[in-house]
């Protein structure tokens, strides 16, 4: 298989540098070939050692959530990106936000901005789902419940001590739909609280949502 065919065959997923080296094992200087592929638009560099199919091919790239999983791992898509995907907030989100056990980081790439926020274990591991984005692509994404928890946990200054504060933030600020909130899995959310940051605020939020 020639290299252009190899790249096209892997267009549904990010391609690592090691994958390219393996496909170019017959070349004396494979890194030079990779540089040429980048210059010719066959490949597009997302970060050092990670690529997606380039603009010259005219083919679609991997879904942004899947790419986010690959840029920094372990990670899962959450916050406004997941809240929007699940239909909890009306806004379309352009920056892809993820949670990770590693340090908080942001990557500005040719295909968008990818932000990663640190969470502690065991809280990090709660509510992660594997979603099918299309026929051949799957991504690790927060459940609606975990995305909401993550939003509260990671947003500076958000502390709930009263029902009014919760309603003002969720309904007035984030413009969440009350019916969507009532469809959340409260049993799962309650099981996470003991190991969650901001547990008092999360408990007040749950108590408020259940009484909407």
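Key figures
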{"item": "Antiparallel DSSP beta bridges within the chain, as percent of all bridges there, nearest 5", "result": "75 percent"}
{"item": "Candidates 88, 121, 202: whichever shows maximal mean-square fluctuation once the chain is modelled as a Gaussian network with Cα springs under 10 Å", "result": "121"}
{"item": "Of 36, 118, 69, the one that fluctuates the most in a GNM where the chain has Cα springs shorter than 10 Å", "result": "36"}
{"item": "In degrees, nearest ten, helix 144-154 long axis to first principal axis of the chain (Cα)", "result": "80 degrees"}
{"item": "Rounded if a/c under 1.5, otherwise prolate or oblate - segment 117-212, Cα gyration tensor axes", "result": "prolate"}
{"item": "Crossing angle, helix 30-39 versus the chain [Cα axis fit, 0-90 degrees, rounded to tens]", "result": "70 degrees"}
{"item": "Percentage relative contact order, the chain, counting C-alpha pairs under 8 Å, at least six apart", "result": "16 percent"}
{"item": "Relative contact order of segment 15-102, defined on C-alpha pairs under 8 angstrom at six or more residues apart (%)", "result": "19 percent"}
{"item": "Computed over segment 45-165: relative contact order in percent, which uses C-alpha pairs under 8 Å that are six or more apart", "result": "24 percent"}
{"item": "Shape category assigned to segment 3-57 from the gyration tensor of Cα positions, a/c cut at 1.5", "result": "rounded"}
{"item": "Per-peptide average of other Cβ atoms within 10 Å, ordering 130-139, 51-60 highest first", "result": "51-60, 130-139"}
{"item": "Nearest 10 degrees, 0 to 90: helix 199-210 Cα axis against the chain principal axis", "result": "70 degrees"}
{"item": "Global geometry of segment 80-122, whether rounded, prolate or oblate, following the gyration tensor of its Cα atoms and the 1.5 cut on a/c", "result": "oblate"}
{"item": "Debye-sum result for segment 162-212 in log10 I(q)/I(0), which assumes one identical scatterer on each alpha carbon, at q = 0.13, 0.18, 0.21 Å⁻¹", "result": "-0.29, -0.55, -0.75"}
{"item": "Residue among 108, 190, 156 with the largest mean-square fluctuation in a Gaussian network model of the chain, springs linking Cα atoms under 10 Å", "result": "156"}
{"item": "Label of the coordinate-derived value, Rg and Dmax of the Cα atoms in Å, listed as (1) 16.8, 48; (2) 20.3, 68; (3) 17.8, 54", "result": "(2)"}
{"item": "Using a Förster distance of 35 Å, the FRET efficiency for residue 161-residue 109 (Cβ separation, nearest 0.05)", "result": "0.30"}
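Read the figures in this text as sums done on the coordinates, not as results from a lab. The model shown is predicted, which means the values in this text are computed figures rather than measured ones. Note: ideal-geometry Cβ built from the backbone for every residue, glycine included; neighbour counts use all protein chains shown.
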